[in-house]
1. I need the full set of residues from the range 152-204 which are among the basic types (Lys, Arg) and assigned to a strand (DSSP E or B), in order please.
2. For the subset of the range 290-345 comprising residues that are assigned to a strand (DSSP E or B) and hydroxyl-bearing (Ser, Thr, Tyr), which member is nearest to Ala358 (Cα to Cα)?
3. So for the range 355-366 (the condition being in a loop (DSSP other than H, G, I, E, B), surrounded by fewer than 16 Cβ atoms within 10 Å (Cβ to Cβ) and either within 26 Å of the chain's Cα centre (by Cα) or modelled with pLDDT under 85 (or both)), does at least one residue qualify?
4. Only residues that are in a helix (DSSP H, G or I), surrounded by 12 or more Cβ atoms within 10 Å (Cβ to Cβ) and out of contact with any helix residue (DSSP H, G or I) (no Cβ under 8 Å at 6 or more places or on another chain): list them for the range 96-124, please.
5. I want to confirm something. Restricting to the range 232-245 and keeping residues that are open to solvent by 90 Å² or more (accessible area, probe 1.4 Å) and touching a helix residue (DSSP H, G or I) at 6+ places or on another chain (Cβ under 7 Å), which single residue is farthest from Phe210 (Cα to Cα)?
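The values are calculated or read from the model by the stated rules, or taken from the named source; none is laboratory data. Because the structure is predicted, anything quoted here is derived from the model rather than measured. All Cβ positions, glycine included, derive from the backbone under ideal geometry; neighbour counts span all protein chains shown. These accessible areas exclude ligands, DNA and RNA; they are computed on the full protein's heavy atoms, side chains included. Shrake-Rupley method; radii C 1.70, N 1.55, O 1.52, S 1.80 Å.
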Amino acid sequence: MQLRYSFRLYPSAGQRTALAQAFGCARVVFNDALRVREEARATGLGFVTLAQLSKNLTASKRTPERVWLGEVSSVVLQQSLRDLETAYRNFFDGLKGKRPRMGAPRFKSKRDSRQSIRFTANASWRITPGGKLRLPKIGDLKVKWSRSLPSTPSTVTVVKDAAGRYFASFVVETGAAEVLPATTAEVGIDLGLGHFVVLSDGRKVDSPRFLRRAEKRLKKAQRELSRKEKGSSNRGKARVKVARAHARVADARREFHHRLSTQLIRENQAIAVEDLCVKGLARTRLAKSVHDAGWSAFVAMLEYKAARYGRTLVKIGRFEPTSQVCSACGVKDGPKPLNVRVWTCSACGTVLDRDVNAAVNVAKAAGLAVSACGAQVRRAAVPAPRSETGTHQELPTASSR
């Protein structure tokens, strides 16, 4: 399978200028090609092919208006055309029902929060013996290597985010050597807001609530930004300050997701999780907390790590009544409001923790070998019959010894 590894870049002042020029040229080529296709569609002409767009790019380099396109690597410009081709393909596949619907390709702006360029093997980029990333017409960039690459990368994408940070993103191929030793443990997961995950074995992981904890700092930075004059350099500095505050929150959440997903994958052979409708939940009054939890990103990490390490991830339907069914006897006891965290089954009298019970039901719905004993259930107190009320244990007599 293909994996993407990202590392922080620290370009010099001259290299930042060269990267800005490359970002701008790639953006202009993308917008020019998109404009050609949109004009052809508006006038009723046929769809302009990628080969024709590539010829138009070669011709535009010879014109005085676009002669500066030759100052950057030609691979970057060709990859920009391929990005447009991919955007159109995804858009058409969404209309045909082959994938989730996506919007039509739109024009890029220099004020977009993310700028990127991509180099393939044809660009002759490489990693130097000194550990720097050598890019054509940009130079040797300093890289913060946090780990080693499992194989030789095929492409590298240089990304600049809204906080002004630069990253190198490598695409590498991984083989079967990553498969972990088999284990017998299986677990169901119930995702929530109070506890981020509740496992079918009774363990609970609290939700860090990174956005909620940083709200005071974010509010102050956003207030300072709103007071700056539009177009001023001080407003640009304040905007970067807000972007960096949000980047710290996103980085902390991503790190938490990676650590927890890796731990669950290493400990369990099979994992069951509910396919939640996050978009629907994000329209409720709990929207901020739902986005703060980042359930979709966490499940996506579980999915690719399970495929990478030879584990099994099972998604059950979102309409399974996991919180309404008793995991001990299987009787459906009806819906319950969110403030009810512990309930007693009306059929068998078992006292159930709402979240742990749901996690056990998730595992059972996925066909995993878990039992209700892992749900930390207990029998409700049953009153003694009248015939036994007030009786005491009979003491042994001499004759019975």
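1. Selection gives Lys160, Lys204.
2. This residue is Thr344.
3. No: zero hits.
4. Ala121
5. Checked the range 232-245; the qualifying residue farthest from Phe210 (Cα to Cα) is Arg239.
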